[in-house]
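A.B. asks: First the structure, then my questions, so here it is.
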Amino acid sequence: MSSGYSEDSLIKKTAIEIFKELGYAYQDCFEEKFGQDSTLGRQTTMEVVLIERLRQAIKRLNPELNPEIIEQAIEEIIKDRSALSVVAANKEIYDILTKGAKVSIRREDGTEDKEIVKVIDFDNPQNNDFFLASEFWVSGEMYKRRADLIGFVNGLPLIFIELKAVHRKLENAFRDNLRDYKDTIPQIFWYNAFIILSNGSQSKIGSITADWEHFSEWKRINSEGEKGIVSLDTIIKGTCQKERFLDILENFILFQKIGKSDSSLIKILTKNHQYLGVNNAIEAFKDIKNRQGRLGVFWHTQGSGKSFSMIFFSQKILRKFYGNYTFLIVTDRKELDEQIYNNFASVGAVTEAEVHAESAEHLKQLLRENHRNIFTLIHKFRTESGQSYPVLTERDDIIVITDEAHRTQYDQLAMNMRRALPNASFIAFTATPLIEGEERTKATFGDYVSIYSFKQSVADAATVPLYYENRIPEVQLDEELLSEGFERIVEEAILDERQEEKLEREFAREYHIITRDDRLEKIAEDIVKHFVSRGYQGKAMVVLIDKPTAVKMYDKVKKHWQEYIKKLKQDLRTTQNEEKAKELYDTIQYMQETDMAVVVSSEQNEIAKFKELGLDIATHRKRMNSEDLATKFKDEEDPFRIVFVCAMWMTGFDVPCLSTIYLDKPMKNHTLMQTIARANRVFGNKPNGLIVDYIGIFRNLKKALAIYNPGGVEIDYPVRPKSELIKALEEAITKATQICSKAGVDIAKI
């Protein structure tokens, strides 16, 4: 007998029919019986594992094992894990699902051994038991709850689905229901692979640790070329179809430790674009013998989880394909190198010590040995002048993953790498598309294997949209001033001492105009006014041409900051308006709390050099050396809110709460794209990222970005004028006013 109740019964019926179509057995459990004649074999509602289904599955998957070992495996799977956090319990179960349950057995000779008991058959989906329960009652220590739909595989509750009526906000399913379930019936989430929330018109998927903003839509089922459709049908067929579900479960889930404590563990579930893109790359890998070492170019826009896609890709190959593969992960920026290595290490993908090349000689040693992963900067493939690089290994099972390959992959260093590894295969992971003149990338790596563009990423809410505004035109530079040679030097992004001197010597006029004192003064004053009057009060990055200018701008902003506080205090003393007074008081408090710092690389004799310029670098260096400024800046609650940089933190540094970038450095191409993408990360209620352009880069947006035109299609702009945002706001206000007017509400009077 069915419950007969549910405000979302139609949606539930639709979901049940889709699961039946996918081959799941089904049972309505509203009036489930317990005890001796139980419906599902459960004794009480506190049990969440269907033990008899689990037992039959383990027997089928392990026909050689005796009943005693099978019972021990079941005991290991269903044991009480309430002393652990939900995510720690989930990871423990996940390891059992993917690696098997370890059972201690005593041999006839008296020795003790470990037997691995298979729980799920990942290679033969039909060899598993897929079952869907609706109206599934679960009791915790104090409360009893009824879950809408639970998907079981071999008796284990791996899929949790919460449904709402179409007129209800989907976010309520997360805020009201899911959070309550995790508090009151945590044991059902020990086993969970993923959670689906739907109200029929909206559907999202996420892991047990995901906040609402990281629940994502699943719009495509089979390929990137499909038209994206948000529907219950798409999300269920895209993630719960048997083969696909087992693929996601085995190869597209990671547990990341983001801090030192156990409470810092989070569960990462693939996004739709990562799943499709990585499997495209896997298809290329399957054809590795015929691809002449070219596995392709994987373009997924900045902020969409590219480094995790690298991990999914390498881990799936290690799990699913026979061989002794080594993955060499190559970058050309120290920050990127450290970020990617740390990501691999934090999810347990790096299991060996000392696989991060510390020097050119260490890299040679690592490549001559047998390691699963090796991490290096491409600069470590250097040779002394006139020397040729030696062949280090002729293995054909080395896969080179190059990050941002278009920047440095065609010079002598790249030739050295290929000479060292003549039979290796190469795949390029990039956050920016190939541009005109980069046909050599395709010649080296092959064509695109996956494309996830700026536009798609924003449409899927994988990143927030970016807008720009040009401010104080009198400080912006004439286009003629920014000559090709000048831009090319600055494009290097990391100016060493020699490059800084060359910049000042060969482009003295351009450099002088950019760093002119009165110009910087105006910009500093404007930064202060803009920063405190923004809508979303996220953190900010000020990008300058070089290190001395970064310090100079810091000094000027600090001066104008104090002057602005004085002005606000004066306004507070004279205002008669209570509301205005509170606003002024809050702004003063915010400004007085705000911390700011310079973050630049060190160089020899820098104290003397800066002193000659009338600047103090020692105070800043002391701070950079004694404080963990990176962690502080990433922490939304920390008052360190403004950072002044010229090269550091512009690549390989993710700060989700960063919302504003003040740009006063000539840039173009990939470096420009990667810098502005610092502000596109999803975070809380952050609506967008804003680029404030003082140099005039975006004055002619089409010219700045015309180089990005993959496949001859319409240019996919990663950043748009702020005027479009203002226009959208005006349209929304007009529409809201019309609706109110029709309902008899006079907005003007209110």
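A.B. asks: Within the bounds of the range 29-36, is there any residue that is modelled with pLDDT under 95, assigned to a helix (DSSP H, G or I), open to solvent by 40 Å² or more (accessible area, probe 1.4 Å) and closer than 29 Å to Lys237 by Cβ?
C.D. replies: Scanning the range 29-36, I find no residue that is modelled with pLDDT under 95, assigned to a helix (DSSP H, G or I), open to solvent by 40 Å² or more (accessible area, probe 1.4 Å) and closer than 29 Å to Lys237 by Cβ, so the answer is no.
A.B. asks: I'd like the residue in the range 563-590 that is exposed (fewer than 12 other Cβ atoms within 10 Å of the Cβ) and polar (S, T, N, Q) and, out of all such residues, is farthest from Arg641 (Cα to Cα).
C.D. replies: Checking each candidate, the answer is Gln576.
A.B. asks: Go through the range 591-619 and give me each residue that's open to solvent by less than 30 Å² (accessible area, probe 1.4 Å), within 24 Å of Lys529 (Cα to Cα) and not hydrophobic (A, V, I, L, M, F, W, C).
C.D. replies: Within the range 591-619, Thr594 is the sole residue that qualifies.
A.B. asks: Can Gln274 be described as in contact with a helix residue (DSSP H, G or I) (Cβ under 8 Å, 6 or more places away or on another chain), polar (S, T, N, Q) and either open to solvent by less than 20 Å² (accessible area, probe 1.4 Å) or not in a strand (DSSP E or B) (or both)?
C.D. replies: Here the answer is yes, as Gln274 does meet what is asked.
A.B. asks: For the range 375-400, name all the residues that are of a type in the set (Phe, Trp, Tyr) and within 14 Å of Ile329 (Cβ to Cβ).
C.D. replies: The answer is Phe375, Phe381.
A.B. asks: On to the next question. Which of the residues spanning the range 592-642 are in contact with a helix residue (DSSP H, G or I) (Cβ under 7 Å, 6 or more places away or on another chain), of a type in the set (A, V, I, L, M, F, W, C) and more than 24 Å from His560 (Cα to Cα)?
C.D. replies: Within the range 592-642, just Ile607 meets the criteria.
A.B. asks: Okay, next question. Inside the range 349-381, can you point out the residues that are part of a strand (DSSP E or B) and of a type in the set (A, V, I, L, M)?
C.D. replies: Ile374, Leu377
A.B. asks: So which residues in the range 234-246 are in contact (Cβ under 8 Å) with a residue 60 or more places away in the chain, open to solvent by 20 Å² or more (accessible area, probe 1.4 Å) and part of a helix (DSSP H, G or I)?
C.D. replies: Lys237, Lys242, Glu243
A.B. asks: Moving to a separate point now. Restricting attention to the range 218-230, does a residue exist that is touching a residue at least 12 places away in the same chain (Cβ under 8 Å) and outside any loop (DSSP other than H, G, I, E, B)?
C.D. replies: So far as the range 218-230 goes, no, none of its residues is touching a residue at least 12 places away in the same chain (Cβ under 8 Å) and outside any loop (DSSP other than H, G, I, E, B).
A.B. asks: So Ile266 ticks every box in (1) closer than 26 Å to Ala88 by Cβ; (2) part of a helix (DSSP H, G or I); (3) open to solvent by 20 Å² or more (accessible area, probe 1.4 Å); (4) in contact with a strand residue (DSSP E or B) (Cβ under 8 Å, 6 or more places away or on another chain) but one. Which box is left unticked?
C.D. replies: With respect to (1) closer than 26 Å to Ala88 by Cβ; (2) part of a helix (DSSP H, G or I); (3) open to solvent by 20 Å² or more (accessible area, probe 1.4 Å); (4) in contact with a strand residue (DSSP E or B) (Cβ under 8 Å, 6 or more places away or on another chain), Ile266 is out only on (2).
Here is a yes/no grid of residues against (1) among the charged types (D, E, K, R); (2) more than 20 Å from Leu249 (Cα to Cα):
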site: Gln27; (1), (2): no, yes
site: Arg42; (1), (2): yes, yes
site: Arg53; (1), (2): yes, no
site: Ala57; (1), (2): no, no
site: Ile78; (1), (2): no, no
site: Ser85; (1), (2): no, yes
site: Gly110; (1), (2): no, yes
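A.B. asks: List, please: which pairs have Cβ atoms under 9 Å, are six or more places apart or on different chains, and start with a residue in the range 412-431 that is touching a residue at least 24 places away in the same chain (Cβ under 8 Å) and open to solvent by 30 Å² or more (accessible area, probe 1.4 Å) and end with one that is part of a helix (DSSP H, G or I) and among the polar types (S, T, N, Q)?
C.D. replies: That search, which allows pairs on different chains as well, returns nothing.
A.B. asks: Checking Tyr325 against (1) surrounded by fewer than 21 Cβ atoms within 10 Å (Cβ to Cβ); (2) within 19 Å of the chain's Cα centre (by Cα), only one condition comes out false. Which one?
C.D. replies: Looking at each condition in turn, Tyr325 falls short on (2).
A.B. asks: Same structure again: Take Gly23 and decide whether it is loosely packed, with under 12 Cβ neighbours inside 10 Å, out of contact with any Pro (no Cβ under 6 Å at 6 or more places or on another chain) and touching a residue at least 40 places away in the same chain (Cβ under 8 Å).
C.D. replies: yes
A.B. asks: What are the residue pairs meeting all of these: first residue in the range 300-313, first residue within 18 Å of Met650 (Cβ to Cβ), second residue of a type in the set (Val, Ile, Thr) and open to solvent by 30 Å² or more (accessible area, probe 1.4 Å), Cβ atoms under 9 Å, and 6 or more apart or on different chains?
C.D. replies: Listed by first residue and then by second, the contacts come to Thr301/Val458.
A.B. asks: I'd like to know if the range 390-398 contains one or more residues that are surrounded by 14 or more Cβ atoms within 10 Å (Cβ to Cβ), over 23 Å from Ser309 (Cα atoms) and not hydroxyl-bearing (Ser, Thr, Tyr).
C.D. replies: Checked against the condition, which is being surrounded by 14 or more Cβ atoms within 10 Å (Cβ to Cβ), over 23 Å from Ser309 (Cα atoms) and not hydroxyl-bearing (Ser, Thr, Tyr), the range 390-398 yields at least one hit.
A.B. asks: Continuing with the same structure: What residue, among those in the range 597-622 that are of a type in the set (A, V, I, L, M) and closer than 17 Å to Ile642 by Cα, is modelled with the lowest pLDDT?
C.D. replies: If we take residues in the range 597-622 being of a type in the set (A, V, I, L, M) and closer than 17 Å to Ile642 by Cα, then Val600 is modelled with the lowest pLDDT.
A.B. asks: Hey, can you tell me all the residues within the range 723-740 that are open to solvent by 80 Å² or more (accessible area, probe 1.4 Å) and farther than 30 Å from Phe698 by Cα?
C.D. replies: Of everything in the range 723-740, those that are open to solvent by 80 Å² or more (accessible area, probe 1.4 Å) and farther than 30 Å from Phe698 by Cα turn out to be Lys735, Gln738, Ile739.
A.B. asks: Could you give every pair whose Cβ atoms fall below 8 Å, whose first residue belongs to the range 583-610 and is at negative phi, and whose second residue is among the hydroxyl-bearing types (Ser, Thr, Tyr) and modelled with pLDDT of 95 or more, counting only separations of at least 6 or pairs across chains?
C.D. replies: If the second residue must be among the hydroxyl-bearing types (Ser, Thr, Tyr) and modelled with pLDDT of 95 or more, the pairs left are Met591/Tyr564; Met596/Tyr554; Ala597/Tyr554; Val598/Tyr554.
A.B. asks: Is it fair to say Ile715 is buried (at least 20 other Cβ atoms within 10 Å of the Cβ), modelled with pLDDT under 85 and in contact with a strand residue (DSSP E or B) (Cβ under 7 Å, 6 or more places away or on another chain)?
C.D. replies: For Ile715, the condition - buried (at least 20 other Cβ atoms within 10 Å of the Cβ), modelled with pLDDT under 85 and in contact with a strand residue (DSSP E or B) (Cβ under 7 Å, 6 or more places away or on another chain) - is not met.
A.B. asks: Further question on the same structure: For a quick check of your reading: which strands (runs of 3 or more DSSP E) sit entirely within the range 638-696 and have at least 1 residues that are open to solvent by 10 Å² or more (accessible area, probe 1.4 Å) and modelled with pLDDT of 90 or more?
C.D. replies: Of the strands (runs of 3 or more DSSP E) lying wholly inside the range 638-696, those with at least 1 residues that are open to solvent by 10 Å² or more (accessible area, probe 1.4 Å) and modelled with pLDDT of 90 or more span 640-645, 689-693.
A.B. asks: Right, here's the next one. Considering the range 527-546 alone, what residues qualify as being part of a helix (DSSP H, G or I) and touching a strand residue (DSSP E or B) at 6+ places or on another chain (Cβ under 8 Å)?
C.D. replies: Listed by number, the residues that qualify are Ile527, His530, Phe531.
A.B. asks: Another one. Between residues in the range 520-537 that are within 17 Å of Lys567 (Cβ to Cβ) and residues that are buried (at least 17 other Cβ atoms within 10 Å of the Cβ) and small (Gly, Ala, Ser), which pairs lie under 7 Å by C-beta distance while being six or more apart or on different chains?
C.D. replies: Close Cβ pairs (under 7 Å, with a partner that is buried (at least 17 other Cβ atoms within 10 Å of the Cβ) and small (Gly, Ala, Ser)) amount to Phe531/Ala540.
A.B. asks: Right, here's the next one. Within the range 130-179, count every residue that is surrounded by fewer than 17 Cβ atoms within 10 Å (Cβ to Cβ), touching a residue at least 40 places away in the same chain (Cβ under 8 Å) and within 27 Å of the chain's Cα centre (by Cα).
C.D. replies: 1
A.B. asks: Only one of Ile116, Ile185 is surrounded by 22 or more Cβ atoms within 10 Å (Cβ to Cβ), in contact with a Gly (Cβ under 8 Å, 6 or more places away or on another chain) and of a type outside the set (Asp, Glu); which?
C.D. replies: Answer to the selection: Ile185.
A.B. asks: Follow-up question, since we're still on this one. Could you tell me which numbered condition Glu606 fails, if it satisfies all but one of (1) farther than 30 Å from Ala677 by Cβ; (2) more than 33 Å from the chain's Cα centre (by Cα)?
C.D. replies: With (1) farther than 30 Å from Ala677 by Cβ; (2) more than 33 Å from the chain's Cα centre (by Cα) applied to Glu606, the lone miss is (1).
The values are calculated or read from the model by the stated rules, or taken from the named source; none is laboratory data. Computed from a predicted model, the values in this text were never measured in an experiment. Every residue, glycine among them, receives a Cβ derived from its backbone with ideal geometry; neighbour counts consider all protein chains shown. Heads up: the accessible areas ignore ligands, DNA and RNA and are worked out on the full protein's heavy atoms, side chains in. Shrake-Rupley method; radii C 1.70, N 1.55, O 1.52, S 1.80 Å.
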